[in-house]
Amino acid sequence: MSKMHLVFGGRVKDPRTLDFADLSQIEVVGFFPDYASAEKAWRAAAQRTVDDAEMRFVVVHMHRLLEPDLEA
């Protein structure tokens, strides 16, 4: 299985958390085959919204969610 990563983000209720204000407004940046390309996309999205403290983007390791036993 490839090590798929998802980058997404949106407006959060509190900048210290990942409690998104409106899930219908989540921006999906994309799916990426490796962490390096996911991190590059995450940095670009985060930089684009750097002046908005309530915008947050994250990288999710999809392969860990889909097959958690592989990490053991």
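Projected onto planes of every orientation and averaged, the convex hull of the alpha-carbon atoms in the range 14-55 covers 3.4 nm².
Distant-in-sequence amide contacts of residue 8, defined by a placed amide H-H separation under 5 Å and a gap of 5 or more residues or a different chain, comprise 29, 58, 60. Each stretch of four or more DSSP H residues adds -39500 (n - 2.57); spread over every residue of the chain, this sum gives -7500 deg cm²/dmol at 222 nm.
Taking only the C-alpha atoms of the chain, Rg followed by Dmax gives 13.0, 39 Å.
What the Cβ-Cβ distance of residue 22 and residue 69 gives, at R0 = 25 Å and to the nearest 0.05, is a FRET efficiency of 0.15.
Since every read-out is calculated from the coordinates, none of them should be taken as a lab result. Note that the structure is a prediction, hence the values are computed from the model and not measured. As a convention, Cβ positions derive from the backbone with ideal geometry for all residues, glycine included, and neighbour counts pool all protein chains shown.
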